[in-house]
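The values are calculated or read from the model by the stated rules, or taken from the named source; none is laboratory data. Please read these numbers as outputs of a predicted model, since none were measured by experiment. Virtual Cβ from ideal backbone geometry, glycine too; neighbours counted across all protein chains shown.
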Amino acid sequence: MAHWNSDQVVGGIEEPRFLIVGPELSPNISFEDDLTGVSGSSGTPAPYSQLFDTSTPFMDYVLKIEDGDSASQQYAEITIETGESIAEKRFIVFAYIRNDADSGDQAVWCTFQGITGTHEKQYMVDSTWRRTIVHEIVVPAGETGTQLVYRIYPFGKSEGDAGTGAVRIDNFRCRKVLAEYTLPIPDRKKQTEFFRLLKQAEHELIDGTLKTYKKGFRYYYESGYDKLSAANEYVRAVLARTDDEILFFPHKDASSCYLVKWADDLERRWAFGTAALGHEADVQLIGQEVVHDITGEIIDELNTYNYEEDVYTGGGGATI
(Lines give C-alpha, C1' and ligand atoms only; values in the text may rest on other atoms or scores of the structure.)
Protein backbone atom coordinates (compact mmCIF):
# COMPACT_ATOMS: atom_id res chain seq x y z
CA MET A 1 0.00 0.00 0.00
CA ALA A 2 1.45 3.33 -1.04
CA HIS A 3 1.59 5.96 1.68
CA TRP A 4 2.25 9.61 0.90
CA ASN A 5 3.42 11.78 3.80
CA SER A 6 3.27 8.66 5.98
CA ASP A 7 6.05 10.09 8.12
CA GLN A 8 3.40 12.30 9.72
CA VAL A 9 1.46 9.41 11.21
CA VAL A 10 2.02 6.46 13.50
CA GLY A 11 2.16 3.09 11.77
CA GLY A 12 1.17 4.32 8.31
CA ILE A 13 -2.12 5.85 7.31
CA GLU A 14 -4.60 2.99 7.63
CA GLU A 15 -7.77 4.17 9.45
CA PRO A 16 -8.16 7.96 9.36
CA ARG A 17 -10.02 9.66 12.21
CA PHE A 18 -12.41 12.56 11.79
CA LEU A 19 -13.70 14.90 14.50
CA ILE A 20 -16.73 17.04 13.76
CA VAL A 21 -16.00 20.27 15.65
CA GLY A 22 -17.80 23.44 16.63
CA PRO A 23 -16.75 27.08 16.03
CA GLU A 24 -13.44 28.54 17.14
CA LEU A 25 -13.13 29.20 20.88
CA SER A 26 -9.55 30.44 21.06
CA PRO A 27 -9.31 34.00 22.45
CA ASN A 28 -6.16 34.71 20.45
CA ILE A 29 -5.21 32.54 17.47
CA SER A 30 -2.14 34.32 16.12
CA PHE A 31 -0.95 36.76 18.85
CA GLU A 32 -0.46 39.37 16.13
CA ASP A 33 -2.14 42.27 17.93
CA ASP A 34 -1.60 41.51 21.61
CA LEU A 35 -1.64 38.76 24.24
CA THR A 36 -5.38 38.71 24.91
CA GLY A 37 -6.31 35.67 27.00
CA VAL A 38 -2.73 34.98 28.15
CA SER A 39 -1.58 35.10 31.76
CA GLY A 40 0.95 33.17 33.79
CA SER A 41 3.21 32.80 36.77
CA SER A 42 4.96 35.71 38.41
CA GLY A 43 8.52 36.64 37.64
CA THR A 44 10.79 39.41 36.38
CA PRO A 45 10.79 39.51 33.46
CA ALA A 46 7.36 37.90 32.97
CA PRO A 47 7.57 34.32 31.66
CA TYR A 48 5.47 35.19 28.60
CA SER A 49 5.78 37.88 25.94
CA GLN A 50 4.83 38.80 22.41
CA LEU A 51 7.80 38.09 20.13
CA PHE A 52 8.51 39.25 16.58
CA ASP A 53 9.36 36.09 14.64
CA THR A 54 9.62 35.97 10.84
CA SER A 55 10.10 32.18 10.91
CA THR A 56 6.44 31.52 11.71
CA PRO A 57 4.15 30.74 8.75
CA PHE A 58 1.35 32.72 10.43
CA MET A 59 2.46 36.35 10.08
CA ASP A 60 5.14 37.88 12.28
CA TYR A 61 4.27 37.71 15.99
CA VAL A 62 4.12 34.73 18.33
CA LEU A 63 3.74 33.93 22.02
CA LYS A 64 7.07 33.25 23.70
CA ILE A 65 7.07 31.34 27.00
CA GLU A 66 10.31 31.19 28.99
CA ASP A 67 11.26 29.72 32.31
CA GLY A 68 14.60 31.22 33.25
CA ASP A 69 14.38 30.36 36.94
CA SER A 70 15.69 26.91 37.80
CA ALA A 71 14.20 27.17 41.30
CA SER A 72 10.55 27.46 40.21
CA GLN A 73 8.14 26.19 37.59
CA GLN A 74 7.23 29.18 35.44
CA TYR A 75 4.47 28.95 32.85
CA ALA A 76 1.94 30.75 30.69
CA GLU A 77 -1.72 29.85 30.41
CA ILE A 78 -4.48 30.70 27.96
CA THR A 79 -8.02 31.13 29.28
CA ILE A 80 -10.71 29.92 26.88
CA GLU A 81 -14.33 31.02 27.35
CA THR A 82 -16.58 28.29 25.96
CA GLY A 83 -19.92 30.03 26.47
CA GLU A 84 -21.50 27.00 28.12
CA SER A 85 -20.97 24.62 31.03
CA ILE A 86 -17.83 22.59 30.37
CA ALA A 87 -19.00 19.58 32.43
CA GLU A 88 -19.10 16.35 30.39
CA LYS A 89 -18.14 18.21 27.22
CA ARG A 90 -15.23 17.22 24.97
CA PHE A 91 -12.73 19.78 23.73
CA ILE A 92 -9.51 19.75 21.75
CA VAL A 93 -6.63 22.25 21.77
CA PHE A 94 -4.17 22.28 18.90
CA ALA A 95 -1.28 24.68 18.28
CA TYR A 96 2.00 25.15 16.44
CA ILE A 97 5.11 25.21 18.59
CA ARG A 98 8.88 25.34 18.21
CA ASN A 99 11.95 25.55 20.42
CA ASP A 100 13.02 29.11 21.08
CA ALA A 101 16.60 28.08 20.32
CA ASP A 102 17.67 27.64 16.71
CA SER A 103 18.93 24.11 17.36
CA GLY A 104 18.36 21.22 19.74
CA ASP A 105 15.24 19.82 21.37
CA GLN A 106 13.07 21.18 24.15
CA ALA A 107 10.62 19.25 26.34
CA VAL A 108 7.24 20.92 26.97
CA TRP A 109 4.65 20.04 29.60
CA CYS A 110 1.02 21.07 28.97
CA THR A 111 -2.08 20.59 31.12
CA PHE A 112 -5.72 21.59 31.41
CA GLN A 113 -5.49 23.42 34.68
CA GLY A 114 -7.93 23.27 37.59
CA ILE A 115 -9.95 20.26 36.40
CA THR A 116 -10.31 17.19 38.60
CA GLY A 117 -7.98 14.38 37.55
CA THR A 118 -4.84 14.34 35.43
CA HIS A 119 -5.14 15.98 32.03
CA GLU A 120 -1.57 16.56 30.96
CA LYS A 121 0.72 15.77 28.06
CA GLN A 122 4.42 16.14 27.37
CA TYR A 123 5.87 17.01 23.98
CA MET A 124 9.35 17.22 22.48
CA VAL A 125 9.89 20.09 20.04
CA ASP A 126 12.77 21.28 17.88
CA SER A 127 13.43 24.51 15.99
CA THR A 128 10.88 23.77 13.22
CA TRP A 129 7.30 25.03 13.44
CA ARG A 130 4.96 22.05 13.68
CA ARG A 131 1.46 21.45 14.99
CA THR A 132 2.87 19.39 17.85
CA ILE A 133 0.38 20.36 20.55
CA VAL A 134 -2.77 18.29 19.95
CA HIS A 135 -4.56 17.77 23.27
CA GLU A 136 -8.08 16.42 23.85
CA ILE A 137 -10.06 16.43 27.09
CA VAL A 138 -13.40 15.08 28.26
CA VAL A 139 -14.34 17.28 31.22
CA PRO A 140 -15.55 15.32 34.30
CA ALA A 141 -19.23 15.55 35.20
CA GLY A 142 -18.68 17.37 38.48
CA GLU A 143 -16.90 20.41 37.07
CA THR A 144 -18.49 23.85 37.11
CA GLY A 145 -17.96 27.01 35.10
CA THR A 146 -17.63 27.83 31.42
CA GLN A 147 -13.85 28.28 31.08
CA LEU A 148 -10.93 26.08 30.12
CA VAL A 149 -7.44 27.10 31.24
CA TYR A 150 -4.63 25.62 29.16
CA ARG A 151 -1.24 25.87 30.88
CA ILE A 152 2.11 25.49 29.12
CA TYR A 153 5.38 24.85 30.95
CA PRO A 154 8.42 25.28 28.69
CA PHE A 155 10.22 22.24 30.09
CA GLY A 156 9.47 18.59 30.83
CA LYS A 157 7.71 17.66 34.06
CA SER A 158 10.35 15.02 34.73
CA GLU A 159 12.85 17.80 35.30
CA GLY A 160 10.85 19.08 38.25
CA ASP A 161 11.66 22.49 39.70
CA ALA A 162 15.15 22.40 38.20
CA GLY A 163 13.95 22.73 34.61
CA THR A 164 14.44 25.78 32.41
CA GLY A 165 13.66 26.43 28.78
CA ALA A 166 11.82 28.57 26.26
CA VAL A 167 9.35 27.86 23.45
CA ARG A 168 7.28 29.78 20.94
CA ILE A 169 3.56 29.22 20.26
CA ASP A 170 1.44 30.24 17.27
CA ASN A 171 -1.89 29.41 15.62
CA PHE A 172 -3.44 28.39 18.95
CA ARG A 173 -6.92 26.93 18.50
CA CYS A 174 -9.62 25.30 20.63
CA ARG A 175 -12.76 23.53 19.43
CA LYS A 176 -15.62 21.62 21.03
CA VAL A 177 -15.77 18.06 19.68
CA LEU A 178 -19.27 17.20 18.48
CA ALA A 179 -18.72 13.71 17.04
CA GLU A 180 -15.97 11.28 16.03
CA TYR A 181 -15.71 8.84 13.13
CA THR A 182 -13.10 6.52 11.69
CA LEU A 183 -13.15 5.42 8.07
CA PRO A 184 -12.60 1.65 7.70
CA ILE A 185 -9.34 0.71 6.02
CA PRO A 186 -9.45 0.18 2.25
CA ASP A 187 -9.52 -3.20 0.52
CA ARG A 188 -6.08 -4.74 0.33
CA LYS A 189 -6.70 -5.92 -3.21
CA LYS A 190 -7.09 -2.47 -4.67
CA GLN A 191 -4.34 -0.95 -2.52
CA THR A 192 -4.81 2.72 -3.23
CA GLU A 193 -4.52 4.89 -0.16
CA PHE A 194 -2.60 8.11 0.07
CA PHE A 195 -2.46 11.40 1.88
CA ARG A 196 -0.65 14.52 0.74
CA LEU A 197 -0.35 18.19 1.59
CA LEU A 198 -0.01 21.10 -0.82
CA LYS A 199 0.73 24.62 0.36
CA GLN A 200 -1.15 27.44 -1.35
CA ALA A 201 -2.40 25.07 -4.05
CA GLU A 202 -5.55 26.97 -4.97
CA HIS A 203 -4.69 29.47 -7.67
CA GLU A 204 -6.09 30.94 -10.85
CA LEU A 205 -4.97 33.29 -13.59
CA ILE A 206 -6.33 36.81 -13.37
CA ASP A 207 -5.27 38.39 -16.65
CA GLY A 208 -2.63 36.01 -17.99
CA THR A 209 0.12 37.53 -15.86
CA LEU A 210 -1.13 37.32 -12.28
CA LYS A 211 -2.30 34.41 -10.15
CA THR A 212 -4.38 34.53 -7.00
CA TYR A 213 -3.48 32.29 -4.07
CA LYS A 214 -5.93 31.41 -1.32
CA LYS A 215 -4.53 31.54 2.16
CA GLY A 216 -4.13 28.05 3.54
CA PHE A 217 -3.23 24.50 2.68
CA ARG A 218 -4.93 21.82 0.60
CA TYR A 219 -5.29 18.31 2.00
CA TYR A 220 -5.94 15.24 -0.10
CA TYR A 221 -6.85 11.83 1.27
CA GLU A 222 -8.04 8.90 -0.81
CA SER A 223 -8.87 5.24 -0.14
CA GLY A 224 -9.78 2.73 -2.83
CA TYR A 225 -12.48 0.11 -2.27
CA ASP A 226 -13.42 -2.86 -4.45
CA LYS A 227 -16.88 -2.63 -2.90
CA LEU A 228 -18.18 0.30 -0.91
CA SER A 229 -19.49 -1.14 2.36
CA ALA A 230 -22.37 0.16 4.45
CA ALA A 231 -19.86 1.38 7.09
CA ASN A 232 -17.86 3.32 4.50
CA GLU A 233 -21.01 4.76 2.97
CA TYR A 234 -22.28 5.99 6.33
CA VAL A 235 -19.07 7.85 7.18
CA ARG A 236 -18.85 9.23 3.67
CA ALA A 237 -22.39 10.62 3.91
CA VAL A 238 -21.87 12.17 7.37
CA LEU A 239 -18.67 13.97 6.43
CA ALA A 240 -19.92 15.16 3.07
CA ARG A 241 -23.15 16.60 4.48
CA THR A 242 -22.05 18.27 7.70
CA ASP A 243 -22.12 22.05 7.92
CA ASP A 244 -19.55 21.93 10.72
CA GLU A 245 -15.80 21.87 10.20
CA ILE A 246 -13.85 18.63 10.24
CA LEU A 247 -10.64 17.97 12.13
CA PHE A 248 -8.90 15.29 10.09
CA PHE A 249 -6.29 12.89 11.51
CA PRO A 250 -4.60 10.85 8.72
CA HIS A 251 -4.44 7.86 11.09
CA LYS A 252 -6.58 7.15 14.14
CA ASP A 253 -3.46 7.38 16.34
CA ALA A 254 -1.82 10.29 14.48
CA SER A 255 -0.53 13.24 16.45
CA SER A 256 -1.02 15.58 13.47
CA CYS A 257 -4.43 16.99 12.58
CA TYR A 258 -5.80 19.25 9.87
CA LEU A 259 -8.80 21.56 10.06
CA VAL A 260 -10.74 20.98 6.84
CA LYS A 261 -12.94 23.58 5.21
CA TRP A 262 -14.67 22.85 1.94
CA ALA A 263 -13.62 25.31 -0.75
CA ASP A 264 -17.19 25.37 -2.12
CA ASP A 265 -20.46 23.45 -2.00
CA LEU A 266 -19.63 21.53 -5.19
CA GLU A 267 -16.43 20.21 -3.64
CA ARG A 268 -18.25 19.13 -0.50
CA ARG A 269 -20.96 17.27 -2.43
CA TRP A 270 -18.43 15.35 -4.50
CA ALA A 271 -15.63 14.99 -1.96
CA PHE A 272 -16.35 11.35 -1.24
CA GLY A 273 -17.19 10.21 -4.74
CA THR A 274 -20.46 9.16 -6.35
CA ALA A 275 -20.19 5.37 -6.44
CA ALA A 276 -23.19 3.46 -5.10
CA LEU A 277 -23.16 1.09 -2.14
CA GLY A 278 -21.59 -2.24 -3.09
CA HIS A 279 -19.72 -0.84 -6.07
CA GLU A 280 -16.03 -0.03 -6.56
CA ALA A 281 -15.26 3.41 -5.22
CA ASP A 282 -12.52 5.87 -4.41
CA VAL A 283 -13.42 7.64 -1.18
CA GLN A 284 -11.75 11.04 -1.14
CA LEU A 285 -11.34 13.93 1.25
CA ILE A 286 -10.25 17.08 -0.54
CA GLY A 287 -10.49 20.09 1.71
CA GLN A 288 -8.78 23.30 2.62
CA GLU A 289 -7.40 24.42 5.94
CA VAL A 290 -7.69 28.17 5.98
CA VAL A 291 -4.80 29.73 7.81
CA HIS A 292 -5.64 32.65 10.10
CA ASP A 293 -2.84 34.76 8.64
CA ILE A 294 0.07 33.77 6.44
CA THR A 295 3.31 35.31 5.23
CA GLY A 296 4.61 35.66 1.71
CA GLU A 297 7.49 33.32 2.48
CA ILE A 298 5.21 30.29 2.42
CA ILE A 299 4.36 30.95 -1.23
CA ASP A 300 7.03 29.07 -3.12
CA GLU A 301 8.98 31.01 -5.73
CA LEU A 302 6.73 34.05 -5.86
CA ASN A 303 8.64 36.92 -7.41
CA THR A 304 6.19 39.57 -6.24
CA TYR A 305 3.01 39.41 -4.24
CA ASN A 306 0.37 41.62 -2.69
CA TYR A 307 -1.79 40.74 0.28
CA GLU A 308 -5.44 41.73 0.03
CA GLU A 309 -8.07 40.09 2.24
CA ASP A 310 -8.06 36.35 1.46
CA VAL A 311 -5.73 36.19 -1.53
CA TYR A 312 -2.20 36.91 -2.61
CA THR A 313 -1.38 37.98 -6.16
CA GLY A 314 1.96 37.15 -7.67
CA GLY A 315 3.85 37.39 -10.94
CA GLY A 316 2.93 35.03 -13.76
CA GLY A 317 6.22 33.17 -13.41
CA ALA A 318 5.28 31.99 -9.93
CA THR A 319 4.92 28.27 -9.32
CA ILE A 320 4.13 26.06 -6.38
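Things to note:
- Evaluating Ser85 against the criteria (1) farther than 19 Å from Val134 by Cβ; (2) surrounded by 14 or more Cβ atoms within 10 Å (Cβ to Cβ); (3) in contact (Cβ under 8 Å) with a residue 60 or more places away in the chain leaves one unmet condition, (2).
- Residue within the stretch 74-86 that is modelled with pLDDT under 95 and either assigned by TED's automatic domain parsing to the domain that holds Thr132 or of a type in the set (Gly, Ala, Ser) (or both) present: yes
- Pairing each residue of the stretch 236-249 that is within 21 Å of Phe94 (Cβ to Cβ) with any residue that is at pLDDT below 85 and surrounded by fewer than 17 Cβ atoms within 10 Å (Cβ to Cβ), provided the two are 6+ apart or on different chains, yields C-beta distances under 7 Å for Glu245/Lys261.
- Hey, Gly37 at pLDDT below 90 and not aromatic (Phe, Trp, Tyr) or not: no
- Of residues in the stretch 1-17 being assigned to a loop (DSSP other than H, G, I, E, B) and small (Gly, Ala, Ser), the one modelled with the lowest pLDDT: Ala2
- Test set (1) over 24 Å from Glu24 (Cβ atoms); (2) modelled with pLDDT of 95 or more - Thr118 fails condition number: (2)
- Taking the conditions (1) assigned to a loop (DSSP other than H, G, I, E, B); (2) touching a residue at least 60 places away in the same chain (Cβ under 8 Å) in turn, Ser127 satisfies each one other than (2).
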